[in-house]
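**Q** My questions will all concern the structure given below.
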Amino acid sequence: MKQFVVIGCGRFGSSVATTLNSLGYEVLAIDADEDKVQDISENVTYAVQADVTDENILKELGIRNFDMVIVSIGSNYQASIMATLIAKELGVKKVIAKAHDALHGKVLSKIGADKIIYPERDMGVRVAHNLVSSNILDFIELSPDYSILEVNALEQWENKTLKELRLPSRFGINVMAIKRGKEINVSPYADDMILKGDILIVIGSTQDIEKIEKNAGD
């Protein structure tokens with residue numbers, strides 16, 4: 001079973017920690033604020049109040065033995081950078097760090113963070129795409145070049161097979177799954193038909209995804 005450390009128990013950190021715990025993983029949550037530690041203590045495996053910029057304390061807590069450390073410190077850039085640096089120096093295999101802006105992310109990357117996440121920016125991107133059309137249910141940016149889109153089947157797609165729709169050649173996208181009520185058809189066949197009310201999960205380049213969004217917004 002994988003073990004996780006979440007450093008910083010604000011809204012984002014708490015959400016990550018409690019979700020991982022609910023999925024059955026062992027989670028150590030660390031924060032300098034006693035109230036935050038108290039609030040999360042019942043929803044994680046261990047919760048500790050500690051100065052996350054103190055290398056000796058993090059060493060004593062044994063964070064090097066965990067599979068992953070998520071540094072999710074609020075607005076204290078210095079603490080965020082120090083915690084990330086210490087985690088890497090202690091030999092943590094994978095460190096994911098939350099950044100507030102591009103400059104913060106650049107610094108975290110320079111000191112060894114394996115992955116940088118921008119919760120506020122990413123949520124903004126998803127909300128903006130969801131506002132394009134009521135047909136757009138969700139948008140996930142995998143990279144600057146590729147995205148996944150969850151979209152209600154357009155009226156012009158209804159009662160046609162994937163083969164007839166030719167979505168890869170017309171839009172440059174591939175259908176990963178079709179959701180119909182509670183059922184999910186993963187890796188559908190070319191002869192599978194799209195019905196009214198179906199939800200399609202598609203993957204494609206960001207440029208091609210935009211074509212779908214424009215059609216969904218018409």
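**Q** Against the longest principal axis of the chain, how steep is helix 11-22, in degrees 0 to 90 to the nearest 10, with axes from Cα atoms?
**A** 80
**Q** Now for a different question. Mind listing the phi-derived Karplus ³J(HN,Hα) values for region 199-209, rounded to whole Hz, using 6.51, -1.76 and 1.60 with θ = phi - 60°, and x for any glycine or proline?
**A** 10, 9, 10, 10, 10, x, 5, 4, 5, 6, 4
**Q** Under unit Cβ charges (Lys, Arg +1; Asp, Glu -1), what dipole magnitude, rounded to 20 debye, does region 3-117 have relative to its Cα centre? Don't skip to the end; give the middle numbers.
**A** Numbers: 11 positive and 15 negative charges, 132 e Å.
Here region 3-117 has a charge dipole of around 640 debye.
**Q** Please give the calculated 222 nm ellipticity per residue for the chain, where each DSSP H segment of at least 4 residues contributes -39500 (n - 2.57) and the sum is spread over every residue; nearest 500 deg cm²/dmol?
**A** Details: 9 runs with 82 residues, N = 218.
Calculated mean residue ellipticity at 222 nm is -10500 deg cm²/dmol.
**Q** First measure r as the distance between the Cβ atoms of K211 and N43, then evaluate 1/(1 + (r/R0)^6) with R0 = 30 Å and state the FRET efficiency to the nearest 0.05.
**A** Step by step, r from the Cβ atoms, then E = 0.10.
**Q** What does the convex hull of the alpha-carbon atoms of region 3-117 project to on average, in nm²?
**A** One quarter of the hull surface, i.e. the mean projection, equals 6.0 nm².
**Q** For the pair T161/I148, report the inter-label distance in nm, with labels modelled 7 Å from Cα in the Cβ direction.
**A** Going from the T161 label point to the I148 one covers 2.7 nm.
**Q** Report the paramagnetic label zone for K196: residues of region 147-183 whose backbone N is under 16 Å from a point 7 Å from Cα along the Cα-to-Cβ axis.
**A** Under 16 Å, as judged by backbone N against the label point of K196, lie 152-160, 181 of region 147-183.
**Q** In whole Hz and in residue order, list the ³J(HN,Hα) couplings for region 179-192 that follow from phi through the Karplus curve 6.51 cos²θ - 1.76 cosθ + 1.60, θ = phi - 60°; x for Gly and Pro.
**A** Values per residue, Gly and Pro as x: 9, 10, x, 8, 8, 10, 9, 8, 6, x, 8, 4, 8, 5 Hz.
**Q** From the gyration tensor of the Cα coordinates in the chain, what semi-axes in whole Å does the equivalent ellipsoid have, largest first, with each one equal to sqrt(5λ)?
**A** Details: eigenvalues 343, 66, 45 Å².
Semi-axes (√(5λ), whole Å): 41, 18, 15.
**Q** Ranked highest first by the average count of other Cβ atoms within 10 Å around their residues, in what order do 177-188, 78-89 fall?
**A** 78-89, 177-188
**Q** Given the C-alpha centroids of region 143-218 and region 31-99, what is the distance between them in whole angstrom?
**A** What the calculation gives is 41 Å, centre to centre.
Values quoted throughout were computed directly from the atomic coordinates according to the rules given, and no laboratory measurement underlies them. Treat the numbers as computed from the prediction; the structure is a model and nothing was measured. For neighbour counting, all protein chains shown are included, and Cβ atoms are generated from backbone atoms with ideal geometry for every residue, glycine included.
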